[in-house]
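The values are calculated or read from the model by the stated rules, or taken from the named source; none is laboratory data. In this text, all values refer to a predicted model and were calculated from it rather than measured experimentally. Please note: Cβ atoms are built from the backbone with ideal geometry, for glycine as well, and neighbour counts cover all protein chains shown. Surface accessibility is based on the protein's heavy atoms, side chains included, excluding ligands, DNA and RNA. Shrake-Rupley method; radii C 1.70, N 1.55, O 1.52, S 1.80 Å.
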Amino acid sequence: MLLKIALPNKGRLSEEVRELFNDAGLEVRARGERALTASLGGEFEAIFVRAQDIPEFVADGAAHAGVTGWDLVNEAGRELEHLMDLEFGRCRLVVAAREESGIGHANDVRDGMRVASCFPRLTQDYFARRGQSVTVVPVSGAAEIAPHLGIADIVVDLTSTGSTLKMNGLREVATVLESSARLVACRTNVPEARRKLEELKLALGSVLAARGKRYLMANVPKDELPRVREVLPGLNGPTVVDVLDGGRFVAVHAVVPAKTIYRTVNALKTLGCEGILVTRIERLVA
């Protein structure tokens, strides 16, 4: 059974998704740059579509699973199974208003105001939950220009750093939704399909778990082991191995956070450790 996975066909999200699948051993093998399908290691097939169309493709059964933004999944409003957060493509859907508008909080939005957004469903639902009656103005892009053109009072738009909003004289006043890339699937009770989806989750998850981690090995003085354990907690504590003819040394192996590796190595040197080796980890299955 060949499972079809809908992937974004272009943009930064597409690049990050391809990198993840390649690192997981599911190399994207397309016949050309404009190919609409590609092999993913034999058991999966990729189909390339617009990110905003992926929830529809998956919900309608044209693909067994797909990767797209959580914002697009919620905007589509289709019933999908959420399999995992892929931890990249992070952004926020926010309410923003002109600096001089006097709107500093969502409570300041008055009934009857016009709201421009590429996410009309999420926008309408957000204000409806708050009991505020607004008029949603759907736009296909560049929502931040709408208040300056007089076609809307405020906007609901995506941002990651907020710099684009500030550049256009807008300030955030509320967050509607936190988003990132997600793996979603159509609901199925077919055993083989379920098994392959779990295998896909394991493959992708092992790559994500390895990111930000390093594998460290060092020769450690035996009498310093208690202090080394404090420096190298590892996943379940460091692995300690006798060194052949090592005398007063033992070999210690541990998985450590990459962001603290500089301090970790210095701490180990202070304790008299030798032969310290740090390597990257491709996949990590807990």
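Structure data summary
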item	result
For segment 150-216, alpha-carbon Rg over 2.2 N^0.38 Å	1.84
Solvent-accessible surface (1.4 angstrom probe) belonging to Arg263, in square angstrom, nearest 10	150
DSSP-defined antiparallel bridges as percent of all bridges, the chain, nearest 5	75
Cα point-scatterer Debye curve for segment 211-263, base-10 log of I(q)/I(0) at q = 0.13, 0.19, 0.29, 0.32 Å⁻¹	-0.30, -0.61, -1.16, -1.29
Exposure ranking of Lys213, Lys196, Lys166, Lys259 by accessible area [1.4 Å probe, largest first]	Lys259, Lys166, Lys213, Lys196
Solvent accessible area, Å² - Phe57, 1.4 Å probe, full protein context	70
Pairwise FRET efficiency - Ala267 versus Glu16, Cβ, R0 = 35 Å, nearest 0.05	0.55
Projected-area average for the chain over all orientations - Cα convex hull basis, square nanometres	20.8
Around Trp70: net Lys/Arg minus Asp/Glu count, Cβ-Cβ under 10 Å	-2
Förster radius 45 Å - calculated FRET efficiency between Thr161 and Val241, Cβ distance, rounded to 0.05	0.50
Heavy-atom accessible area per residue - segment 112-266, 1.4 Å, Å²	52
Karplus 3J(HN,Hα) series, Hz, for segment 57-71 with 6.51 cos²θ - 1.76 cosθ + 1.60 (x for Gly, Pro)	4, 6, 4, 7, x, 5, 9, 6, 8, x, 10, 7, x, 5, 5
Theoretical ellipticity at 222 nm over the chain - DSSP helices of four or more residues, -39500 (n - 2.57) apiece, nearest 500	-8000 deg cm²/dmol
Fraction in percent of alpha-carbon pairs per bin - 5 Å, segment 1-114	2, 10, 19, 20, 15, 9, 7, 7, 5, 5, 2, 0
Around Asp125: net Lys/Arg minus Asp/Glu count, Cβ-Cβ under 14 Å	+1
Sequence of Asp125, Asp242 from largest to smallest accessible area, 1.4 Å probe	Asp242, Asp125
Phi to ³J(HN,Hα) by Karplus 6.51 cos²θ - 1.76 cosθ + 1.60 over segment 183-193, Hz, x for Gly, Pro	9, 10, 9, 7, 6, 8, 10, 6, x, 5, 5
Whichever lysines have a C-alpha closer than 21 Å to that of Lys213, once near sequence neighbours (fewer than 8 apart) are set aside	Lys201, Lys259, Lys269
Accessible surface ranking that places the most exposed of Arg229, Arg34, Arg114, Arg187 first, with a 1.4 angstrom probe	Arg34, Arg187, Arg229, Arg114
Net charge of neighbours whose Cβ lies under 9 Å from the Cβ of Asp153, counting Lys and Arg as +1 and Asp and Glu as -1	+3
Surface accessible to a 1.4 Å probe, Arg194 within the full protein complex, Å²	60
Average Cα contact separation per residue, segment 141-285, under 8 Å, 6 or more apart, as relative contact order %	26
